[in-house]
1. Residue 100 to residue 126: FRET efficiency via 1/(1 + (r/R0)^6), r the Cβ-Cβ distance, R0 35 Å, to the nearest 0.05?
2. Could you give each residue of the stretch 307-324 its phi-based ³J(HN,Hα) in whole Hz, using Karplus coefficients 6.51, -1.76, 1.60 with θ = phi - 60°, and x for Gly or Pro?
3. Which whole-number percent is the relative contact order of the stretch 238-277 (Cα, under 8 Å, 6+ apart)?
4. Among DSSP beta bridges lying fully in the stretch 23-130, give the percent that are antiparallel, nearest 5.
5. Among [x] 91, 46, 38; [y] 75, 56, 43; [z] 65, 58, 44, find the value of Cα extents along the principal axes in Å that was calculated from the structure presented, and write down its label.
6. Excluding the sites themselves, what is the longest stretch of the chain that contains no chymotrypsin sites (Phe, Trp or Tyr not before Pro) in a DSSP loop with at most 10 other C-beta atoms within 10 Å?
7. So if we plug the beta-carbon distance of residue 150 and residue 70 into 1/(1 + (r/R0)^6) with R0 = 30 Å, what FRET efficiency do we get, rounded to 0.05?
8. Given Cα pairs under 8 Å that are at least 6 residues apart, what percent is the relative contact order of the stretch 218-317?
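Just so it is clear, none of the values below were taken in a lab; they were calculated from the coordinates. Only a predicted model underlies this, so the values are computations on that prediction, with no experimental measurement involved. Quick reminder, even Gly has a Cβ in these numbers, built from the backbone with ideal geometry, and neighbours come from all protein chains shown.
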Amino acid sequence: SHLMHSVISGLRDKVGKSAVAVTATTGIAATHIGGSSLHSFAGIGIGEGSLQDLVKKVNNNRNARKRWHETKCLIIDEVSMLDAELFDKLEGIAAQVRNSKKPFGGIQLLLVGDFLQLPPVAKNGKQVKFCFESDAWNKCVDVHVELTKVFRQSEKEFVDMLNSIRWGVCTPEITTKLRATMSNKIDGEISATKLYSRNMQVDEINSRSLALLNSQTLKLTASDSGEQPWLDQLKKNCLAPEVLELKVGAQVMLLKNLDTEMGLINGLRGVVIEFRKIEDPEEGRIGTFPVVRFETTSMDEIEVVIYPEDFNVEANGVVIARRTQVPLRLAYAITIHKCQGMTLSKVEMSLKDVFEPGQAYVALSRVSSLDGLRLLDFAPSNVRAHPRVIEFYTKMRNKSDESKRNNGSRVNPLFIDD
């Protein structure tokens, strides 16, 4: 998300704030980058119906039609979850609503993601195609940039293991090392976060763990504002809860990058040590707020008062829905889907319910070190990569190597003016 924010800022400086539409295929991913869901931006509801039905729907929606006309660059994050059928529809909508024969109606696309992570959601039990298998991809996408440097993990051994798992390769050596983590002693004042594939398990563990604490309680209610349907999207997907109940001793997780130099990053684990009354009208901070002792990824301890932050949904640079809440959530457990974009220092997980290619890699790659992992019920069969994605990446790399031989290492610019 740090790179995404830098790219978004650079593009907006170049073409104007309202000309850059920031979206993601899921609402949760959209909240990480301050954007909106792709469906909400497009004004297509759930995207069902023929192309002409959806074009009519957009044209009958003044705000959606305006967004399509104003947009010069459309950013789509977590593109691995965008299916081919929807991508083709969006390309058709862009062309017809903007009355343009150019690819994607003349809108520049910036598609971001890793196809070896979570795939598109199956429809009615039927397998769907990846967006790179669509006609629109062949028509609109001609530059691929592969990012190869890993920032979340620094241990070479763990980085190499994760890279193999990403490609669906689990050697006997990797299996042995992962199974050995079952005996890792990773609990202290700050315990390990448990990762699960289903919301029901997570909610039960968080509620039960908080109830066991016999200590002072603080309830913090979010302030929500905005337009529909964006406000509903925010309420459904914002990781910061509408009502946050905390107790002294509660295990919590930071939900925003507050100070990257100090190590206060999204996903950082901590424990509530007190509630402090603050009266600072100049900063607009009046009330009682939690003080959290965090353990940074460098194993340093830092105590911080956590104040409310804004979680925004934007459309073409304009804030259209906002939740203001203390950026914490209970961290006894979290789902694999919701931990995307996070860096977790201590994790306990079971992969027995993993059912999609890439899901094991997504879960394992959230952990910052092998020493911070306790893996239960592991079997090599948990590790899978989709064969069509492997084929796509292999062709992409071969094409990139050929291009470098012919043209050197030059990469086309991210934005080309009209």
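1. Here the calculated transfer efficiency is 0.60.
2. 9, x, 10, 8, 10, 10, 10, 10, 10, 6, x, 10, 6, 10, 7, 8, 10, 10
3. Dividing the mean separation by the residue count of the stretch 238-277 yields 40 percent.
4. Of those bridges, close to 20 percent are antiparallel.
5. [z]
6. The longest such stretch corresponds to 152-354.
7. That pair, residue 150 with residue 70, gives E of 0.25.
8. Relative contact order, the stretch 218-317: 19 percent.
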